[in-house]
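Participant: Below you'll find the structure I mean.
The values are calculated or read from the model by the stated rules, or taken from the named source; none is laboratory data. The structure displayed is predicted, hence computed values, not measured ones. No Cβ is skipped: glycine too gets one built from the backbone with ideal geometry, and neighbour counts run over all protein chains shown. Quick note on the areas: whole protein, heavy atoms, side chains included, nothing else; ligands and nucleic acids left out. Shrake-Rupley method; radii C 1.70, N 1.55, O 1.52, S 1.80 Å.
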Amino acid sequence: MTDSVVRFDRAGLRFGDRVLWEDLTTTVGRGEFLAVLGPNGAGKTTLLKVLLGAEALSSGTVTVGGQPPGRARRRVGYVPQQRAFDPDLPIRGRDLVRFGLDGHRWGVSLPGRAAQRRVDAVLAAVGATGFADAPIGSCSGGEQQRLRIAQALLAQPDLLLCDEPLLSLDPGHQQVVTALVDGCRREVGTAVVFVTHEINPVLPYVDRILYLAGGGWRLGTPSEVLTTATLSDLYGSRVEVFRVENRVVVAGAEI
Amino acid sequence: MSIGDYLALPFAQHALIASTLVAVTCGLVGPFVTCRNMAFAVHASAELAFTGAAAGLLVAGNAVGGALAGAIVVAALIAVLTTRRRERDSAIGVVLAAGLALGVLLLGYYHGFATEATNILFGDIFGVSTGQIVLLAVIAAAATAILTVIHRPLLFASVDPEVAAARGLATGLLGLTFLVLLAFTVTEAAQVVGTLLVLSLAITPAASAQRLAAGPLAMAGLSVAFAVLAADGGLILSLQSGTVKPSVLVASISFALYLGARLAGPGLRRRHRARRVGVAGVADPACPVGPACSVGPAGPVGPVRPAGSGRPGGSATMDT
């Protein structure tokens, strides 16, 4: 984690009078896994939009790879919040994943062996080989989600932004997907910003947690942030954090 | 006269060349029309060719030039009025209504023969001149060239606009480019073969292909094949019958192909998946990521790392 991929400097975001978060100063380093937690409306998705260059900060600055967000977009992978594909689209899972490699390229490119192998390998890694040749509209929500992850990983990005990638996945595949993201950051050094409501599947892998709630934020390792004292302070009300056999359960607040 | 005798005549040959050119162009554009849900834009562009032609006649005595200029105005207006994808159809409706009214008004001021303008609504494929064939060929070549260059980003932006934009594709500009290409193609084709024919060649074959094909390449191939089959088949049948207009027969063949595709489609597409799943079931066991499977679905127990390599399988992907 020598050099930082993302750098926030006194960054803040507000809509009218409503402060989502402000005065955020931190970096996300190469190969770092940052989980972003918090209740709905706390500005988790907006944080990703800022990093994509689709939303401007209200105060402070942010850079991605040393540049303003939106400059080096080919180096940023994005798994958006789930939205089902039109059932009639003439696209197979394989085609969707392939976009991760050359979706932005003009003209004709012959499907090279190497590219084909990379696509096959990533399809196998997310367990999508069985439905890779079916129309994407015929895939279930969880299957589509795994294809999106495969697409984002294929490009081996410097920064991977995931918006609730575990939604509609069963626990087994939540494990598979999180482990894959973890493998990518270890192998390639991808910095990961992972928005999620599901704490436990990502807990074994995350380096730090950014917890957003009620206009404020807390940042630190899971054992620093996921405590009764820290979360009660952030929410401004009594929030209990229990650890049951290494699973974390938060009571008294909507995560 | 047999069909062979007819096909020896220049007017029939011209008609066949023209219909093939229009069919190939429409067949190529069609898949993007269905992917982007733009059937209504095709309809509007085809009908508004009439307004452009009327304006062209009035201003410069040139219906063709007017229609082509009009196509660009229509595309730009639709793009400007559509700020969100969901309101595109109402924007098109607004432009269509105003545009048709304008066309009728303009035609009122024109005191020459207006058949050139009204022809657009119905077209006359047996009256195609050599000049028109050249124009159709140029448009077919240009549309093919443009689509060859932009097809992948356009498909990406059509299927998955959010991620395409995140990857830095100018999705708005791509959409506008396609809209202009579409308006141009449809307008010119409508000039020659009529609005009805354009609709049954730019929408129906692609809609049929969509029911049968799983991938984009297969869909484009089927779409062009269906369009050519309908256009040339309808023309030849019309020559043979001598009484039924070609556009009626082209539309009928196109529609029959669509019905067939709807009946056969679901089974074909499902079988595609079922077969693959069946094969994969053996090669692709429940835990495809290998070492990661040491972490059971019951949830992690502390900071479990996959044994050995410290990362899940799929290493072939991560290397290179």
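Participant: If the requirement is being crowded, with 24+ Cβ neighbours inside 10 Å, of a type in the set (Asp, Glu) and in contact (Cβ under 8 Å) with a residue 12 or more places away in the chain, which of these qualifies: A:ASP170, A:ASP102, A:ASP95?
Facilitator: Only one candidate passes the filter, namely A:ASP95.
Participant: With respect to the numbered conditions (1) open to solvent by 10 Å² or more (accessible area, probe 1.4 Å); (2) of a type in the set (A, V, I, L, M, F, W, C); (3) farther than 24 Å from A:VAL193 by Cβ, which one is the sole condition not fulfilled by A:ALA155?
Facilitator: With respect to (1) open to solvent by 10 Å² or more (accessible area, probe 1.4 Å); (2) of a type in the set (A, V, I, L, M, F, W, C); (3) farther than 24 Å from A:VAL193 by Cβ, A:ALA155 is out only on (3).
Participant: Check off (1) surrounded by fewer than 24 Cβ atoms within 10 Å (Cβ to Cβ); (2) touching a residue at least 60 places away in the same chain (Cβ under 8 Å); (3) more than 10 Å from every other protein chain (Cβ to nearest Cβ); (4) out of contact with any His (no Cβ under 8 Å at 6 or more places or on another chain) for A:ARG186 and give me the number that stays unchecked.
Facilitator: Condition (3) is where A:ARG186 drops out.
Participant: Residues in region A:145-163 that are at pLDDT below 90 and over 20 Å from A:GLU187 (Cβ atoms): how many?
Facilitator: The qualifying residues number 1.
Participant: Going through region A:115-151 one residue at a time, which ones are open to solvent by less than 10 Å² (accessible area, probe 1.4 Å), within 23 Å of B:GLY168 (Cβ to Cβ) and of a type in the set (A, V, I, L, M)?
Facilitator: Residues satisfying the conditions are A:VAL119, A:VAL122, A:ILE136, A:LEU147, A:ILE149, A:ALA150.
Participant: Still on this model: Any chance you could count how many residues in region B:65-87 are open to solvent by less than 40 Å² (accessible area, probe 1.4 Å), among the β-branched types (Val, Ile, Thr) and assigned to a helix (DSSP H, G or I)?
Facilitator: Total meeting the criteria: 2.
Participant: Further question on the same structure: Among (1) within 18 Å of B:THR25 (Cβ to Cβ); (2) at pLDDT 80 or above, where does B:THR195 come up short?
Facilitator: The failed condition is (2).
Participant: Also: Regarding A:GLY172, is this residue under 18 Å from A:VAL119 (Cβ atoms) and either of a type in the set (A, V, I, L, M) or within 8 Å of another protein chain (Cβ to nearest Cβ) (or both)?
Facilitator: no
Participant: Something else about it: Please state which of the following conditions A:PRO201 fails to meet, knowing it meets all the rest: (1) facing chain B (nearest Cβ under 8 Å); (2) open to solvent by 20 Å² or more (accessible area, probe 1.4 Å); (3) in contact with a helix residue (DSSP H, G or I) (Cβ under 6 Å, 6 or more places away or on another chain).
Facilitator: Every condition holds for A:PRO201 apart from (2).
Participant: Same structure, new question: Quick check on my filter: what residues within region A:32-57 are among the hydroxyl-bearing types (Ser, Thr, Tyr) and under 11 Å from the mean Cα position of the chain (by Cα)?
Facilitator: The answer is A:THR45, and nothing else.
Participant: Identify all residues within region A:76-132 that are at the interface with chain B (Cβ under 7 Å from one of its Cβ atoms) and either of a type in the set (S, T, N, Q) or at positive phi (or both); write none if there are none.
Facilitator: Passing the criteria: A:GLY107, A:GLY127, A:THR129.
Participant: Shifting gears a bit: Kindly list, by first and then second residue, each pair from a residue in region A:46-74 that is of a type in the set (Gly, Ala, Ser) to a residue that is open to solvent by 60 Å² or more (accessible area, probe 1.4 Å) and part of a helix (DSSP H, G or I), limited to pairs with Cβ atoms under 8 Å and residues at least 6 apart or on different chains.
Facilitator: Final answer for the pair search is A:GLY53/A:ARG73; A:GLY65/A:ARG75.
Participant: Continuing with this model, one more query. From the list B:LEU217, B:LEU155, B:LEU173, B:LEU169, which residue is without any contact (Cβ under 8 Å) to a residue 12 or more places away in the chain and under 30 Å from A:VAL50 (Cβ atoms)?
Facilitator: Answer to the selection: B:LEU173.
Participant: Right, here's the next one. Name the residue, out of B:VAL149, B:VAL163, B:VAL186, B:VAL250, that is surrounded by 21 or more Cβ atoms within 10 Å (Cβ to Cβ) and out of contact with any helix residue (DSSP H, G or I) (no Cβ under 6 Å at 6 or more places or on another chain).
Facilitator: B:VAL163
Participant: Tally time: how many residues in region A:218-234 are open to solvent by less than 60 Å² (accessible area, probe 1.4 Å) and either among the basic types (Lys, Arg) or closer than 28 Å to A:ARG7 by Cβ (or both)? Lay out the reasoning, then the answer.
Facilitator: Taking region A:218-234 as the starting set, the residues that turn out to be open to solvent by less than 60 Å² (accessible area, probe 1.4 Å) are A:219-222, A:225-228, A:230-232, A:234.
Adding the requirement that they be either among the basic types (Lys, Arg) or closer than 28 Å to A:ARG7 by Cβ (or both) leaves A:219-222, A:225-227, A:230-231, A:234.
Residues in region A:218-234 being open to solvent by less than 60 Å² (accessible area, probe 1.4 Å) and either among the basic types (Lys, Arg) or closer than 28 Å to A:ARG7 by Cβ (or both): 10 in total.
Participant: Right, B:LEU196: open to solvent by 10 Å² or more (accessible area, probe 1.4 Å) and within 16 Å of B:ILE125 (Cβ to Cβ) or not?
Facilitator: yes
Participant: Within region B:11-32, is even one residue open to solvent by 60 Å² or more (accessible area, probe 1.4 Å), part of a helix (DSSP H, G or I) and farther than 24 Å from B:ALA206 by Cα?
Facilitator: yes
Participant: Can I ask one more? I'd like to verify a number: residues in region A:162-190 that are of a type in the set (A, V, I, L, M, F, W, C) and within 17 Å of A:LYS44 (Cβ to Cβ), how many?
Facilitator: Let us first name the residues in region A:162-190 that are of a type in the set (A, V, I, L, M, F, W, C), namely A:162, A:166-167, A:169, A:176-177, A:179-181, A:184, A:188.
Restricting the remaining residues to those that are within 17 Å of A:LYS44 (Cβ to Cβ) gives A:162, A:166-167, A:181.
Result for region A:162-190: 4.
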